[in-house]
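Throughout, read-outs are computed from the coordinates displayed, never taken from laboratory work. For clarity, every value in this text was computed on a predicted model and none was experimentally measured. Note: ideal-geometry Cβ built from the backbone for every residue, glycine included; neighbour counts use all protein chains shown.
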Amino acid sequence: MRVLIPSPLHDYTHAPRVDARGATLGALLDDLDRQFPGIRFRIVDEQGRIRRHMRCFIDGTQQFALDRPLNGVEEVVIVQALSGG
């Protein structure tokens, strides 16, 4: 499936869109990390949760669970929240 990558992570992928596979969101992120070593750690913390400044959208809905099934999903969008003052 197609995965949209936020521009701060383009250093890993060298592209705004990549293809990855996985039955769940976590498996998809594992596949991304296999292809682009280190990228998963930028998205998922040491406790196995999506980092608070990262967002994953599946079918336009924000997802927090890495065990979320991806059956029939064609696109996952990863967004990095911006902060500052």
Name the residue, out of GLN35, GLN63, GLN47, whose mean-square fluctuation peaks in a Gaussian network model built on the chain with Cα pairs under 10 Å.
-> GLN47
Of all the C-alpha pairs in the chain, what % are more than 21 Å from each other?
-> 19
Relative contact order [Cα under 8 Å, 6+ residues apart], the chain, whole percent | 34
Which residues qualify? For THR24, with a placed amide H closer than 5 Å and at least 5 residues away or on another chain, they are LEU70
Suppose every K and R has +1 on its Cβ and every D and E has -1 on its Cβ; what is the size of the dipole of the chain about the Cα centre, in Debye to the nearest 20?
-> 180
Considering the dipole of the stretch 2-80 built from charges on the beta carbon (Lys and Arg +1, Asp and Glu -1) around the Cα centre, which of CYS56, VAL18, PRO37 is farthest to its positive end?
-> CYS56
In the stretch 1-66, trypsin sites (Lys or Arg not before Pro) in a DSSP loop with at most 16 other beta-carbon atoms within 10 Å | ARG21, ARG49, ARG51, ARG52
Name the GluC sites (Glu not before Pro) in the stretch 11-85 that are in a loop by DSSP and that have at most 11 other C-beta atoms within 10 Å, would you?
-> GLU46, GLU74
